[in-house]
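The values are calculated or read from the model by the stated rules, or taken from the named source; none is laboratory data. Computed from a predicted structure; not experimentally measured. Methodologically, a virtual Cβ is constructed for each residue, glycine included, from the backbone with ideal geometry; neighbour enumeration extends over all protein chains shown. Quick note on the areas: whole protein, heavy atoms, side chains included, nothing else; ligands and nucleic acids left out. Shrake-Rupley method; radii C 1.70, N 1.55, O 1.52, S 1.80 Å.
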Amino acid sequence: AVALLGIHSVHAEFNFEVGQSIHERVSVFMKTPTNILFQIARYRDNQGFSHGMHAPDRDAFFRFNDALMETYPEFQSIYYGLEDGMFAGHGFNNKIANYREPGHSGYSIDSNGIAEGDMQKHYTSCVNATSGGPLPCDLAVGGKYTECVNDCDIEKCADQDSQRDCAAMGDLERAACEASIKWCPSYTIKEATDDMRRGYLVRSTYCINSEGIPSQAPGEIAKKGTDELGSCYFSDGETLVDRMLDGDYAVCVGGVFVTILLRVHTTAKTMTLGGEDGTSRPRHCRNLIGVLHILSFLVKTSESPSLFQFITCSMMAEMCLMEFWQSTTPSLIYPTF
């Protein structure tokens, strides 16, 4: 019994050298992702995106992001999302782009297949990834969506710092307390039921040209691992993509929005910085230090960190396995993660 107690006491001691070694390895591991985030943040602060990285800046971001993807080939994907639901990025295993329009899923569909308000353009934007045939964007029963409360008016976030009673503190402490308050849109998370037909906003997958921009032009489509250009096909490998959608989409400053869909992917390994709006969450994060590192970095380098609600740098090494936007966009392109 004495010997056992001795062994336990040895193992209970903190090994500073081991801890320092782990810290150094994690710091090295996280250096490149933080450098990428710094470049994006600085480019935005320097007015590189004329629309503040909102939807009209999609192609501007794609051009910049394609350069990052070529510069850092060890990353399978670099992308970002905003609290309004917009999503844009490149990856995973092919030269492709992903994009989701801003907005909320869960809009109602009447008995004639007409979506409420101006959502018809989204309801009719889905497509069969294999054949290219049109499909309605019907939200399955049990599918989750967000619904605004008071027009999504902002309120104090649920984290401990934001919920503190700053008014009860002294002047200096109160100032620091108020500076740490974060504000979140007010919403509820709901599930689609069988008593009402609802639609969702699709996340589309695009072929891209040599500049990283979505394209369906024959002979101009970039392919991974080669400088040779090809054409864009649906996942049957035979049907050429030739599809245009007209409408007042957010990505358009005025014109035509091209939806180009490519392959079906079923897996993704990503290191995720999750947002606070319930639309995307990492399920099995095994390196919270890395996530916190990026969070603190964004707060220090971006004037508006909320615009970087989540930025993901997918890495060869597994850090998180994320269920990818399944809560709000049960995509026909990415069926299950």
Open item on the list: Just checking, does segment 209-219 include any residue being of a type in the set (A, V, I, L, M), farther than 30 Å from S108 by Cβ and touching a helix residue (DSSP H, G or I) at 6+ places or on another chain (Cβ under 6 Å)?
Closed with: yes
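Collect the residues in segment 67-100 that are without any contact (Cβ under 8 Å) to a residue 40 or more places away in the chain, within 22 Å of E228 (Cα to Cα) and open to solvent by 40 Å² or more (accessible area, probe 1.4 Å), keeping them in residue-number order.
Of everything in segment 67-100, those that are without any contact (Cβ under 8 Å) to a residue 40 or more places away in the chain, within 22 Å of E228 (Cα to Cα) and open to solvent by 40 Å² or more (accessible area, probe 1.4 Å) turn out to be E70, T71, P73.
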Open item on the list: Name the residue that is farthest from T146 (Cα to Cα), counting only residues in segment 90-116 that are assigned to a strand (DSSP E or B) and touching an Asp or Glu at 6+ places or on another chain (Cβ under 8 Å).
Closed with: H90
Open item on the list: Restricting to segment 241-266, and then to whatever is at pLDDT below 50 and closer than 21 Å to N93 by Cα, can you tell me which residue is surrounded by the fewest Cβ atoms within 10 Å (Cβ to Cβ)?
Closed with: T266
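From the list E191, E228, E220, E238, which residue is under 21 Å from F61 (Cα atoms), without any contact (Cβ under 8 Å) to a residue 60 or more places away in the chain and open to solvent by 50 Å² or more (accessible area, probe 1.4 Å)?
Being under 21 Å from F61 (Cα atoms), without any contact (Cβ under 8 Å) to a residue 60 or more places away in the chain and open to solvent by 50 Å² or more (accessible area, probe 1.4 Å) holds for just one of E191, E228, E220, E238, which is E220.
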Task: Within segment 23-61, tally of residues that are touching an Asp or Glu at 6+ places or on another chain (Cβ under 8 Å) and at pLDDT 90 or above - done: 6
- [ ] Identify, by number, the condition in (1) exposed (fewer than 13 other Cβ atoms within 10 Å of the Cβ); (2) over 30 Å from V241 (Cβ atoms) that P134 doesn't meet.
- [x] (2)
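How do the strands (runs of 3 or more DSSP E) wholly within segment 166-232 filter down when requiring 1 or more residues that are closer than 30 Å to K95 by Cβ, touching a Phe, Trp or Tyr at 6+ places or on another chain (Cβ under 7 Å) and of a type in the set (F, W, Y): which remain? Don't jump to the end; show me each part of the working.
Working: elements: 183-185, 187-191, 203-207.
In segment 166-232, 203-207 are the strands (runs of 3 or more DSSP E) which contain 1 or more residues that are closer than 30 Å to K95 by Cβ, touching a Phe, Trp or Tyr at 6+ places or on another chain (Cβ under 7 Å) and of a type in the set (F, W, Y).
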TODO: Note down all Cβ pairs under 7 Å where the first residue falls in segment 125-140 and is in a strand (DSSP E or B), the second is of a type in the set (A, V, I, L, M, F, W, C) and surrounded by fewer than 22 Cβ atoms within 10 Å (Cβ to Cβ), and they're at least six residues apart or on different chains.
DONE: C126/L135; C126/L332; V127/L135; L135/L332
Open item on the list: So for segment 90-109 (the condition being of a type in the set (D, E) and within 23 Å of D66 (Cα to Cα)), does at least one residue qualify?
Closed with: yes
